[in-house]
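Colleague: I'd like to ask some things about the structure below.
The values are calculated or read from the model by the stated rules, or taken from the named source; none is laboratory data. Note that the structure is predicted; figures quoted are calculated from it, not measured. Please note: Cβ atoms are built from the backbone with ideal geometry, for glycine as well, and neighbour counts cover all protein chains shown. Surface areas here come from the heavy atoms of the whole protein model, side chains and all, with no ligands, DNA or RNA. Shrake-Rupley method; radii C 1.70, N 1.55, O 1.52, S 1.80 Å.
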Amino acid sequence: MVAESCETLAGRAEVGTSVAVRLDRQGPALVAFLALTVPGLGSIEVEVDMGSDVLILDARHASAVGIRLDDRVIRRVEGKDETGHAYVRSFTRLDDTIHVTGAPDVEQSGMEVMFQEIVYDGLTGDGFLRRFVVTHDVPGERMIFAPHD
C-alpha cells in the first residue's frame, strides 16, 4: 500500500486511466461502486471488493451472459455463510471481454466468474484489480488504473 501526496497522485493520474466511482458512506464504513461493461448486460454497477478473488455476478444475470447455471460443466459449491444463510455458488469462465465502463483499456478477457444470489449486480474481485496498479482517490471519488511497471 502507498500513501500518495498531491504530487504523486497527479503523477499516477498522468500515467493511468481515471474512472469515477460512487461512494456510499454508512457511518464509519465506505463502499465504492464501479461501472463495468459486461457483454450481454451492458454497464452494471459493481461493488469494489478486494476480498473476493473472482468477479461475482448476481445469479439473475447468468442467462443474459450466456450461462446456464444447470449445465453440468458448472462447478457448484453449497454451504452456509458466516451469518448462517445458505448459498449456492456457481463457478465458470466468461470468454468475453469485460471492461470498466468508459475505459475500454481497463479490461480483462476469460475471467473466472462466480454467480450467486447477492444484493448488488456484482462485485469486482481482486482477480480483476490485481492486473493493474490501482489507486483509490477517495476525496476525488475516482480510481486510477495503470499498468504494472
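Colleague: For region 1-100, with the dipole built from +1 on Lys and Arg beta-carbon atoms and -1 on Asp and Glu ones, taken about the Cα centre, which of Val31, Gly11, Leu57 lies farthest toward the positive end?
Modeller: Projecting each Cα onto the dipole axis, the largest value belongs to Leu57.
Colleague: Follow-up. Give me the accessible area of Ser43, 1.4 Å probe, in Å² rounded to the nearest 10.
Modeller: My reading of the accessible area for Ser43 is about 70 Å².
Colleague: Probe radius 1.4 Å, ligands and nucleic acids left out: which of Leu41, Leu36 has the largest accessible area, and how do the rest follow?
Modeller: Leu41, Leu36
Colleague: Given a Förster distance of 41 angstrom, what is the FRET efficiency for Ser109 paired with Glu7, based on the Cβ-Cβ distance and rounded to 0.05? Can you show the working numbers first?
Modeller: Working: r = 35 Å, r/R0 = 0.85.
Once rounded, the FRET efficiency stands at 0.70.
Colleague: Size of the dipole of the chain about the Cα centre, Lys and Arg at +1 and Asp and Glu at -1 on the beta carbon, nothing else charged, in debye to 20?
Modeller: Computed about the Cα centre, the dipole is about 360 debye.
Colleague: Can you tell which of Ala86, Ala13, Ala103 shows the greatest fluctuation in a Gaussian network model of the chain with Cα springs below 10 Å?
Modeller: Ala86
Colleague: Here's a follow-up. To the nearest 10 degrees, how steep is helix 6-15 against the longest Cα principal axis of the chain, on a 0 to 90 scale?
Modeller: Around 60 degrees separate the two axes.
Colleague: May I ask you to derive the relative contact order of the chain, considering only C-alpha pairs under 8 Å and at least 6 residues apart, and to give it as an integer percent?
Modeller: This gives 30 percent for the chain.
Colleague: Could you identify which residue out of Glu14, Glu78, Glu107 has the top mean-square fluctuation in a GNM of the chain using Cα springs shorter than 10 Å?
Modeller: Comparing Glu14, Glu78, Glu107 in the GNM, the peak value goes to Glu78.
Colleague: Just name one of Ile67, Val21, Ile118: the one whose Cα is farthest towards the positive end of the charge dipole of the chain (beta-carbon charges, Lys/Arg +1, Asp/Glu -1).
Modeller: Highest projection toward the positive end goes to Ile67.
Colleague: At a 1.4 Å probe, what is the % contribution of carbon and sulfur to the accessible area of the chain? Write out the running numbers ahead of the final one.
Modeller: Working: 4360 of 8700 Å².
C and S fraction of accessible area: 50 percent.
Colleague: For log10 I(q)/I(0) by the Debye sum over Cα atoms at q = 0.09 Å⁻¹, which listed value, (1) -0.27; (2) -0.31; (3) -0.39, comes from the coordinates shown?
Modeller: (2)
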